[in-house]
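Enquirer: Next up is a structure, given as structure tokens.
The values are calculated or read from the model by the stated rules, or taken from the named source; none is laboratory data. Predicted, not measured: the structure shown is a model, and the values here were computed from it. Please note: Cβ atoms are built from the backbone with ideal geometry, for glycine as well, and neighbour counts cover all protein chains shown. These area figures cover heavy atoms from the full protein model, side chains too; ligands, DNA and RNA do not enter into them. Shrake-Rupley method; radii C 1.70, N 1.55, O 1.52, S 1.80 Å.
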Amino acid sequence: MASVTASTTPPTRPARSAEPKTAEQGGADVPETGAQERASAPKPRASLAKRMGFIAAGWIIVLLLGGGIALERTLTRQVEANFDEQLEYQLTAMVASAEIDSFGEVWFYRTLGDQRFLEPNSGLYWQISGTNYDPYPSRSLWDRTLDLRAAEGDAEHFDSDVHYYNSDQFEGESLRIAERTVILPGSETRWTFAVASATREMDSQIQQVRSILIWSFAVLGLGLLVMALLQIRYGLSPLRRVRAAIQKLRTTGQNRITDPLPAEVEPLVEEVNALLEHTERQAEEARMHAGNLAHALKTPLTVLTNAATARAPDLNEAVFRETRTMQRHVDHHLARARAVGRRAVGQARTDVRQSAEAVRRAVERLYPEGRLDIAGSKDAMVAIERQDLDEILGNLIENAAKYGGGSVFVTLDHEPGSPLCRIWVEDDGLGIPEEERTRIFDRGARLDTGKPGTGLGLAIVRDVAEIYGGSVTLDESEDLGGLLVELRLPRA
């Protein structure tokens, strides 16, 4: 029983010193400047489209690769299972056609149907092996025999199931073997029936399946990438429209973005429009304040110019009087400018009680004979900077102590449930007539000229409160009989 097992040089320049020249030696500092420019150069900005493209490409590759590997294994196992089923079918036909002759050997009472069993080296073989018997091979094996695993097993163990395994015992020909050990009627010998087939056909089918999968998934991946890029381009087109709309604002002089845009971009457009409105309002306020300040300073400057030209004998008094007037106007507009600047920084939070207590301590030192009481909420918070709130309450409480009868009553957050925080400042003075309550907020307006003052306190209170979205009104105090000032400020 035969068995075969398979396995030209350029001129050099003079060397130069590597040490750089110093400034005293006339050396240039260009490399250092270039390094500074490179260090200060802005870093390249990340592209949203590239980021989305990389994410989409990564997921497509991972999913297609994982799905392709899983599908390839499933189809490969299916091809191998079909191949094994054919071998089992041939093996079952052999066992069913086998009988024991009078000499105790196996013979077939009918011929096996596959013609390849009769053709030498056809790639389809069978063999029957038994203990103490020579192997009985098919004609297709010619002068070769199969090395079966069951023949090498322990004789005490018997397993009648079908077993499959691969073998490279024939050079240049890989085999898939199905074998089964049975005991035929009329014999006590263990007979091993084996069917072997070359795996060329199975390997060809597997290779064909893999080729189809690779090309199919490659085309599918390319199509998905193209669709993802188109989707990214189409999905980001509203951002390009927003850019075009903003460019249109700059070139055509429009002040709002009115082009119809998708709902996802609408919040961005609303914020841009709000920013434009805020910028316009600040610019308009700046122009108005600059005009008001110029108008307020124009009259004192004209008076000083005329007095100086006419060489008026009271020039010193005129200079003193008019410069004080100009100082009041400058202080007023500086207060407004500081309030606008602090409001633009961000959302502020100030404890009303702490500010009122700090103002009371300062006012009590100025008017120790008076009485100042504070009542109301201890937790009220308003959306205003602490310095501006101190200035507002300081003007209101100081005016009440100065022009009142000696008693001042402050109520914090008079109606806690209202949208705005309401602060009342009452005094027991003479009050202000109703027809004068609007004019008193004008810059420099004073009803009692017998006491020192600039007439800018209430004007500053009104302007700063309005800057933060609040307001201030005057009324008559029912409890003390004097003036009631109601300040309304937005809650924090």
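Enquirer: Looking at segment 442-466 only, could you name the residues that are at pLDDT 65 or above and buried (at least 17 other Cβ atoms within 10 Å of the Cβ)?
Expert: Once the filter is applied, which keeps residues that are at pLDDT 65 or above and buried (at least 17 other Cβ atoms within 10 Å of the Cβ), segment 442-466 yields GLY457, LEU458, ALA459, ILE460, VAL461, ARG462, ASP463, VAL464, ALA465.
Enquirer: Residues of segment 379-406 being open to solvent by 40 Å² or more (accessible area, probe 1.4 Å) and closer than 17 Å to GLY481 by Cα, which ones?
Expert: Across segment 379-406, the qualifying residues are ASN399, TYR403, GLY405.
Enquirer: If you check ARG149, ARG240, which single one turns out to be open to solvent by 20 Å² or more (accessible area, probe 1.4 Å) and in contact with a His (Cβ under 9 Å, 6 or more places away or on another chain)?
Expert: ARG149
Enquirer: Do the conditions hold for GLU435, that is, is it at pLDDT below 90 and touching a strand residue (DSSP E or B) at 6+ places or on another chain (Cβ under 8 Å)?
Expert: Answer is no for this residue.
Enquirer: Suppose the filter is open to solvent by less than 60 Å² (accessible area, probe 1.4 Å), polar (S, T, N, Q), more than 29 Å from LEU230 (Cβ to Cβ) and at pLDDT below 90; does SER102 pass it?
Expert: So SER102 does not fit the description; no.
Enquirer: Here's a follow-up. Which residues, taken from segment 380-401, are assigned to a helix (DSSP H, G or I) and within 47 Å of the chain's Cα centre (by Cα)?
Expert: ARG386, GLN387, ASP388, LEU389, ASP390, GLU391, ILE392, LEU393, GLY394
Residue-wise test of (1) farther than 30 Å from ASN82 by Cα; (2) open to solvent by 80 Å² or more (accessible area, probe 1.4 Å).
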residue: THR189; (1), (2): yes, no
residue: PHE193; (1), (2): no, no
residue: VAL209; (1), (2): no, no
residue: TRP215; (1), (2): no, yes
residue: ILE246; (1), (2): yes, no
residue: LEU249; (1), (2): yes, no
residue: PRO260; (1), (2): yes, yes
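Enquirer: If you don't mind, there's one more thing I want to ask. Considering each residue of segment 247-271, count those that are in contact with a helix residue (DSSP H, G or I) (Cβ under 7 Å, 6 or more places away or on another chain), among the β-branched types (Val, Ile, Thr) and in a helix (DSSP H, G or I), and give that number.
Expert: Number satisfying all stated conditions: 1.
Enquirer: Tell me which of these LEU276 doesn't satisfy, since it passes every other one: (1) in a helix (DSSP H, G or I); (2) surrounded by fewer than 14 Cβ atoms within 10 Å (Cβ to Cβ); (3) not acidic (Asp, Glu).
Expert: Looking at each condition in turn, LEU276 falls short on (2).
Enquirer: Related question: Is at least one residue of segment 320-331 over 30 Å from LEU276 (Cβ atoms), open to solvent by 50 Å² or more (accessible area, probe 1.4 Å), at pLDDT below 75 and in contact with a Leu (Cβ under 6 Å, 6 or more places away or on another chain)?
Expert: Yes, segment 320-331 has at least one match.
Enquirer: Any residue that is buried (at least 20 other Cβ atoms within 10 Å of the Cβ), part of a loop (DSSP other than H, G, I, E, B) and modelled with pLDDT of 85 or more - is there at least one of those in segment 474-489?
Expert: yes
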